[in-house]
Amino acid sequence: MLHCHCRDCQRSSGGPFSSFIVVPKAGFKLVQGSLRFHVSPSEAGGQNHRGFCPDCGSPIVSKPDAIPHVVALRTASLDDPGAFELQMDVWTSDAYAWDEMNPVRRKFDKYPSP
């Protein structure tokens, strides 16, 4: 569970970061409807596929080519967003100076180390 501060997440969220719960792709199933995807380049390689509800435009998932075995779920799209327990901040290199992050939380300049 993380906040991503990259410029792409800032633009897509309209805020200083996007919040995600990263799950194995095999454990994710969209049970209703289908998503519309927007693709943007990823510094890790390939593309990042951001899935949105085609009816309301709500961001739902992100599927990066660089790590195809995971799906990053937007926390606000969950039935229970309160289950989100922030563990780390990624792409802090793009964070705004006024974005005060918890100093004890793990931070990564770009992508987390494996």
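Scanning the stretch 87-114 for residues that are under 14 Å from the mean Cα position of the chain (by Cα) and aromatic (Phe, Trp, Tyr), which turns out surrounded by the most Cβ atoms within 10 Å (Cβ to Cβ)?
Trp91
Any chance the stretch 71-86 includes a residue that's under 19 Å from Val31 (Cα atoms), of a type in the set (Val, Ile, Thr), in contact with a Phe, Trp or Tyr (Cβ under 7 Å, 6 or more places away or on another chain) and surrounded by 14 or more Cβ atoms within 10 Å (Cβ to Cβ)?
There is at least one residue in the stretch 71-86 that is under 19 Å from Val31 (Cα atoms), of a type in the set (Val, Ile, Thr), in contact with a Phe, Trp or Tyr (Cβ under 7 Å, 6 or more places away or on another chain) and surrounded by 14 or more Cβ atoms within 10 Å (Cβ to Cβ).
How about the stretch 2-28: which of its residues are surrounded by fewer than 16 Cβ atoms within 10 Å (Cβ to Cβ) and in contact with a Phe, Trp or Tyr (Cβ under 9 Å, 6 or more places away or on another chain)?
Correct list: Arg7 only.
Here is a yes/no grid of residues against (1) in contact with a Gly (Cβ under 9 Å, 6 or more places away or on another chain); (2) more than 23 Å from Ser93 (Cα to Cα); (3) modelled with pLDDT of 90 or more; (4) not hydrophobic (A, V, I, L, M, F, W, C):
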residue: Ile21; (1), (2), (3), (4): no, no, yes, no
residue: Ala26; (1), (2), (3), (4): no, yes, yes, no
residue: Glu43; (1), (2), (3), (4): no, no, no, yes
residue: Gly51; (1), (2), (3), (4): no, yes, yes, yes
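The values are calculated or read from the model by the stated rules, or taken from the named source; none is laboratory data. Owing to the predicted nature of the structure, the values given are computational and were not obtained by experimental measurement. Glycine gets a Cβ as well: all are built from the backbone with ideal geometry, and neighbour counts include every protein chain shown.
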